Amino acid sequence: MTPRASLHRTLLLLAAGALGGLFSGAAFAQGTASPAWPSRPVRVIIPQPPGGVLDILIRALAEPLRQQFGHPVVVDNRPGGNNVVGLEACAGAAPDGYTLCAVSAEVLSTYPLVEPALYARYSSIVPVTLIARNAGVLLANPSVPAKDLREFVAWARTQTGLNYSSSGAGSTPNLLWEYIKQHDGLRIEHVPYRGIIEAFNEMAAGRVQVSYIALGFALEPIATGRVKPLAVLGSARSPRLPEVPSLGELGYAFPYDGPWWGFAAPAGTPAPVMDRIAAATRAALQDPALRSRLLEPQAYEAVGNTPAEFAAIIEGERSRGAAIVRAAGIEVR
């Protein structure tokens, strides 16, 4: 099955589940068909190492979700295989609503086009809700003698032995820097790491020259001078970094504005349960402590949409993903 056919199948399953909910929702709620959900802790598999952007977001969300569910949310980090280990564990879990997985944009938009054999191992997972979005920023370590991307390109053309770090093949840092290499004729080698935080730390320590990460995570290291911003993704500057140019204004037509993160579930998870998770996430994102501690300081846009709305976003991202992969000079498989 092709990645697009797989996604269309997911959309059909969501529609069928919604119709089925008209007949089974009441029975589900009353417990005549299934016990009330949730009646025990809910596990969230994070397919990345602890301390990363996705890990921080889900751990911060766990307590507001516990309040919504009335039961604990247990975080289970399963890094490895460029997210595949954790996502495969989610795909093979019982479809009862007690196992979810946290997903980032790449694993559902560009990975299927770059590594289809790996994507096939978790392609059955179904979207539940988009949690939040953020901007993205290209970064350099402080020893790089450039104050923005234009100056970096001019400097890099005179250098050899330069490297950029990423969280793996098909990740946004990988595709973004390959695109810039193609656009500007640069010689920069790709150095993949186990996760985006390891990639970031190696760049900040000076062992590689440049990388990319979500803006929210980078704001504090930028403010303290640990790293320097070169450009923000998209066509406009970020209000949080008004002095940093955007890719658009620098003449780059990279078709991606920044990262997002969401929840997915094993195929077959009952539609009423997925609706409940989406509604609980939407309510949890309004928690004052969560907003003041994480979302607002790190410029997250909270979402919490329905499974069908999230599936539609993924389909659009998949179409844009093909353009991103091609822009990076990589063959769409």
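Of all residues in segment 113-136, exactly one satisfies the criterion of being open to solvent by 40 Å² or more (accessible area, probe 1.4 Å) and either in a strand (DSSP E or B) or over 21 Å from residue 92 (Cβ atoms) (or both), namely 133. Let me spell it out: the conditions are (1) at pLDDT below 95; (2) not in a loop (DSSP other than H, G, I, E, B), and residue 282 meets all of them except one. Which number is the exception? Every listed condition holds for residue 282 apart from (1). All of 110, 160 fail the test of being within 18 Å of the chain's Cα centre (by Cα), polar (S, T, N, Q) and either at pLDDT below 95 or surrounded by fewer than 24 Cβ atoms within 10 Å (Cβ to Cβ) (or both), apart from 110. Going by the conditions given, is residue 94 in a loop (DSSP other than H, G, I, E, B) and modelled with pLDDT of 90 or more? Yes, satisfied.
For residue 170, the conditions (1) in a helix (DSSP H, G or I); (2) buried (at least 24 other Cβ atoms within 10 Å of the Cβ); (3) in contact (Cβ under 8 Å) with a residue 40 or more places away in the chain are fulfilled apart from (1). Any residue at all in segment 323-331 that is open to solvent by 20 Å² or more (accessible area, probe 1.4 Å) and modelled with pLDDT of 95 or more? No, segment 323-331 contains no residue that is open to solvent by 20 Å² or more (accessible area, probe 1.4 Å) and modelled with pLDDT of 95 or more. Reported count of residues in segment 125-163, each being farther than 30 Å from residue 84 by Cα, touching a residue at least 24 places away in the same chain (Cβ under 8 Å) and either hydroxyl-bearing (Ser, Thr, Tyr) or touching a Ser or Thr at 6+ places or on another chain (Cβ under 6 Å) (or both), is 2. When both residues are 6+ apart or on different chains and their Cβ atoms are under 6 Å apart, which pairs have a first residue that lies in segment 307-318 and is under 13 Å from residue 103 (Cα atoms), and a second that is of a type in the set (A, V, I, L, M, F, W, C) and open to solvent by less than 10 Å² (accessible area, probe 1.4 Å)? Here the result reads 310/130, each pair linking segment 307-318 to a residue that is of a type in the set (A, V, I, L, M, F, W, C) and open to solvent by less than 10 Å² (accessible area, probe 1.4 Å).
The values are calculated or read from the model by the stated rules, or taken from the named source; none is laboratory data. Fair warning: this is a prediction, and the values are worked out from it, not measured in the lab. Note that each Cβ is placed from the backbone with ideal geometry, even for glycine, and that neighbours are counted across all protein chains shown. Surface accessibility is based on the protein's heavy atoms, side chains included, excluding ligands, DNA and RNA. Shrake-Rupley method; radii C 1.70, N 1.55, O 1.52, S 1.80 Å.
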